[in-house]
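Have a look at the structure below, then the notes.
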Amino acid sequence: MRRLGLSLVALVVGASVPAFAAEPSGCDKFAWAITGEQQLLAAPQSVDLAGPLSRAMTTAIEVPLAASAEAKLAMPPERAPKNAGSFAGMVLFQPAATGGGFRVTLSEAAWIDVIQDGRYLKPIAFSGASDCPYVRQSVKFQVGAGAFIVQVSDVAVSTIAIVLTPNN
């Protein structure tokens, strides 16, 4: 009888825990087409990250990351890392004649901050899916004409591929 009572309690407790939706899986689960970004992320380029990069880049870039506690970021991540031992890094982009919408697409799961004029820009839209070769997530931002920083944190691996594409 006691075993039946414990089983009944476990059933009730288990039923009261909310069910979490499964994460989308597969390239067709992104909210927008990511085929172009996927092709670029399949062959990221190593570039000199010492100076600002052109926002009109036509390649994905490979970004080496540092341990979160040692990463030299422009600003603390807007969301603290959830995973101890995670990695972080950033890329500076040049100013342009005008601002515009951009997608920041990553090869790995990460927290993305886009920083311009000393403030965090709010994302316009987010899309992500697991089990998509070379692409893990894509986030849309509206940036002004000035220089801006793409900062990633809470990354599980020490290198990430990033591509910046116009939001058409």
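Results, tabulated for the structure shown:
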| quantity | calculated |
| --- | --- |
| Of all residues in region 79-91 being of a type outside the set (G, A, S) and loosely packed, with under 14 Cβ neighbours inside 10 Å, the one that is nearest to the chain's Cα centre (by Cα) | R79 |
| Residue within region 73-94 that is among the polar types (S, T, N, Q) and touching a Lys or Arg at 6+ places or on another chain (Cβ under 8 Å) present | yes |
| Members of region 92-142 that are polar (S, T, N, Q) and either without any contact (Cβ under 8 Å) to a residue 40 or more places away in the chain or surrounded by fewer than 20 Cβ atoms within 10 Å (Cβ to Cβ) (or both) | Q94, T98, Q116, S127, S130, Q137, Q142 |
| Residue among L53, L73 that is closer than 17 Å to V150 by Cα, more than 17 Å from the chain's Cα centre (by Cα) and surrounded by 12 or more Cβ atoms within 10 Å (Cβ to Cβ) | L53 |
| Residues (over 18 Å from N167 (Cβ atoms), of a type outside the set (A, V, I, L, M) and out of contact with any strand residue (DSSP E or B) (no Cβ under 8 Å at 6 or more places or on another chain)) located in region 45-66 | D48 |
| Residue match in region 87-98 (condition: at pLDDT below 95 and in contact with a strand residue (DSSP E or B) (Cβ under 8 Å, 6 or more places away or on another chain)) | no |
| Candidate set: region 42-83, residues that are acidic (D, E) and part of a loop (DSSP other than H, G, I, E, B); chosen: the one modelled with the lowest pLDDT | D48 |
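The values are calculated or read from the model by the stated rules, or taken from the named source; none is laboratory data. Bear in mind that the values here come from a model prediction, so they are computed numbers and not experimental data. Ideal geometry is used to build each Cβ from the backbone, glycine not excepted, and the neighbour counts take in all protein chains shown.
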